[in-house]
Structure formats: structure tokens, C-alpha cells
Amino acid sequence: MDAVKVVLAVSLFFLLVPFSNAQFVLESVNVVVSDIQPDGTVNVKENIKLIIQGEYYHELYDTGYSGQASNDLAFWSSATELKDVKKHINPDKGSITDFTLTPQPRGKCNPVQDICHGELILEYQVHPTYNGTFQETNTGLFTIENYKPRTTRYKLNIDALSFTTTDQENILLDERVYFRIKLPDGTMVTRLNPIPENEDVDLPARMSELSWTDLVLVNFAVEFDVEDSLQEEVTDFFLGFVQFAEDAVTGPYGFAIIIIFAIIIGGYIYISVAKRRKEE
């Protein structure tokens, strides 16, 4: 019986040791990129899960959860003192809009260990940065190349990512950090390094999602093609023409353009009527 008590005591000791000097511990980070647009704009959603130890830090989390600082990423980064409580997209390499931060209530509490679990949900849009009408180079999560009709090539901009890196500046994803990219329908992946685990592909290949974790991403590269259907191309052409016509008419020379079109149409009708009378 004494031996059993010793084993239980030792087991409990080692169970509690990881939290003995910690108040907030990172449980996992899941970064998902989705809704990739033709100009490279993307939606990013980050689920950051935490383990919270101690009554004071339970109350600190609850204060942030219910208070005015609930949507303040700087507050959460300072309160938790965790390097991964941040945006994992570099704001210096793209325009970030529609940012929301939604903390979840504490749950899965263990009174013996005095720990609870919490979660921060970040969601935002990442756009390329423009200088006037021109896109600045090396901005946005993807660079875009329309290298052949109806086909757009997307290349992942590694500098736009803000994960932990090694001394050699390679992205380090530990076993708690997940990076996922949900690809548009009909995507043809042309370059991929490294190939995600549990994937056996011979590039180029059609894929719907990419995912990495527990890896050092050396020479990280993702390239894929998205081909528009002929129907989409025709629709885009007419929408573009309508927009051009609307801009022309409502612009500073709109009245003059209307007069010119009226003269052209009137002239065509006059010539057609005159030709018909002559034939009669």
C-alpha cells in the first residue's frame, strides 16, 4: 500500500511540475487561410487555446473575457506573456482589415490542478498593399501572376508569415502549431515544399487543402494554379464592359460621350432609312 501511495505521489508531482512556474501555457495554435480571392486577398482564422493555472489568472482571464479589453490583442499578449498570442500574418507585409478577437469562456476546469482551459479566436482579412492603383511588391499572403488566359498562378509570400523561426530564419512549427491553407475549387498545385505529412502526391496535382505541423519549413514554397471556366471569363468581360461604360458616362466627359453615341446611332438610323427609301 505504501508503494502505491509513493507512486501516486510521484505521479501527481510530475503532473503538476509543468505548471508550477507558469500561469498561462500554450495548448495549441491553429492558423487557417481560406477564401482566397483573385487579387490575393484571403481570410485568416486563428484558434489559440490556452491552459490557465491559479485563481488570480482565472480572474485575469475572466476580466479580459467580459471586459472592454476582450477584443484587444495587445491586452491578451501582455496578460498571457505568450509569444504565440499574436497575428501569425505579418502586418508589415499586407493590409489587415475586419479584425475581430473573440475570447471563449473558461472550461474543462480541474480543481485538483487548479487549471482551466481558454481560447482566443482571431479572424481578419489580409490584402495586398497598394500605392495608388499599383500593388506594392512582396505584399499580401500571395503574389499573383496571370501567366496565361483564364489561369492565375498564386505563390505564397513567405515574408508575410509571422511564425516562430529558427536561427537560420526557417519557419518552426512545433507539435502544438498547425498551419492550414484551404485552396479554391479546381486548384492545381504545381510546387510544394515540404509535402504535408500523410500526403502522397505526384505534382502537379489537384488538391483541396494543405496542412503542416511539427516541422521546420526549410525552403518553404507553395505554388498553385486556378483556372477560370469559359463562362466565368465571358461573365467577367461583360461585367467589366458594363463597369467601363458606367465609369465613362458618370465621369467628367460623360455628357460628351453620350452626345457622340447619340450622333453615331442617329447617323446609322439615317443612313439605313435613306438606303431603304432609295431601294424602294
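Here are the numbers for this structure:
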| read-out | value |
| --- | --- |
| Qualifying residue in region 103-119 (condition: closer than 28 Å to residue 222 by Cβ, assigned to a strand (DSSP E or B) and in the same structural domain as residue 178 (by TED's automatic domain parsing)) | yes |
| Hits in region 73-91 (condition: farther than 14 Å from residue 125 by Cα and part of a helix (DSSP H, G or I)) | 73, 74, 75, 76, 77, 78, 79, 80 |
| Single residue of 216, 242, 249, 234 found to be at pLDDT 95 or above and either outside any loop (DSSP other than H, G, I, E, B) or exposed (fewer than 12 other Cβ atoms within 10 Å of the Cβ) (or both) | 216 |
| Of residues in region 145-173 being of a type outside the set (Val, Ile, Thr), assigned to a strand (DSSP E or B) and at pLDDT below 95, the one surrounded by the most Cβ atoms within 10 Å (Cβ to Cβ) | 145 |
| Index of the failed condition, residue 70 passing every other in (1) modelled with pLDDT of 95 or more; (2) in contact with a strand residue (DSSP E or B) (Cβ under 9 Å, 6 or more places away or on another chain); (3) within 14 Å of residue 122 (Cα to Cα) | (1) |
| Out of 32, 25, 42, sole residue that is in contact with a Ser or Thr (Cβ under 8 Å, 6 or more places away or on another chain) and at pLDDT 95 or above | 42 |
| Count of region 184-194 residues which are part of a strand (DSSP E or B) and closer than 18 Å to residue 227 by Cα | 4 |
| Some residue of region 125-134 being assigned to a strand (DSSP E or B), modelled with pLDDT of 95 or more, touching a Phe, Trp or Tyr at 6+ places or on another chain (Cβ under 6 Å) and surrounded by 13 or more Cβ atoms within 10 Å (Cβ to Cβ) | no |
| Some residue of region 192-201 being in the same structural domain as residue 33 (by TED's automatic domain parsing), closer than 20 Å to residue 32 by Cβ and under 14 Å from the mean Cα position of the chain (by Cα) | no |
| Qualifying positions in region 135-144 - surrounded by 13 or more Cβ atoms within 10 Å (Cβ to Cβ) and either in a loop (DSSP other than H, G, I, E, B) or not aromatic (Phe, Trp, Tyr) (or both) | 135, 136, 138, 139, 140, 141, 143, 144 |
| From the options 260, 181, residue that is in a strand (DSSP E or B) and modelled with pLDDT of 75 or more | 181 |
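Residue-wise test of (1) free of Cβ contacts under 8 Å to residues at least 60 places away in the same chain; (2) within 23 Å of residue 160 (Cβ to Cβ); (3) buried (at least 17 other Cβ atoms within 10 Å of the Cβ).
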{"position": "42", "(1), (2), (3)": "no, yes, yes"}
{"position": "55", "(1), (2), (3)": "yes, no, no"}
{"position": "59", "(1), (2), (3)": "yes, no, no"}
{"position": "85", "(1), (2), (3)": "yes, yes, yes"}
{"position": "88", "(1), (2), (3)": "no, yes, yes"}
{"position": "105", "(1), (2), (3)": "yes, no, no"}
{"position": "113", "(1), (2), (3)": "no, no, no"}
{"position": "116", "(1), (2), (3)": "no, no, yes"}
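The rows are residues; the columns are (1) touching a Lys or Arg at 6+ places or on another chain (Cβ under 7 Å); (2) assigned by TED's automatic domain parsing to the domain that holds residue 215; (3) not aliphatic (A, V, I, L, M).
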site: 136; (1), (2), (3): no, yes, yes
site: 139; (1), (2), (3): yes, yes, yes
site: 149; (1), (2), (3): no, yes, yes
site: 158; (1), (2), (3): no, yes, no
site: 185; (1), (2), (3): no, yes, yes
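The values are calculated or read from the model by the stated rules, or taken from the named source; none is laboratory data. Quick caveat: nothing in here was measured; it's all calculated off a predicted structure. Glycine also receives a Cβ, built like all others from the backbone with ideal geometry; neighbour counts cover every protein chain displayed.
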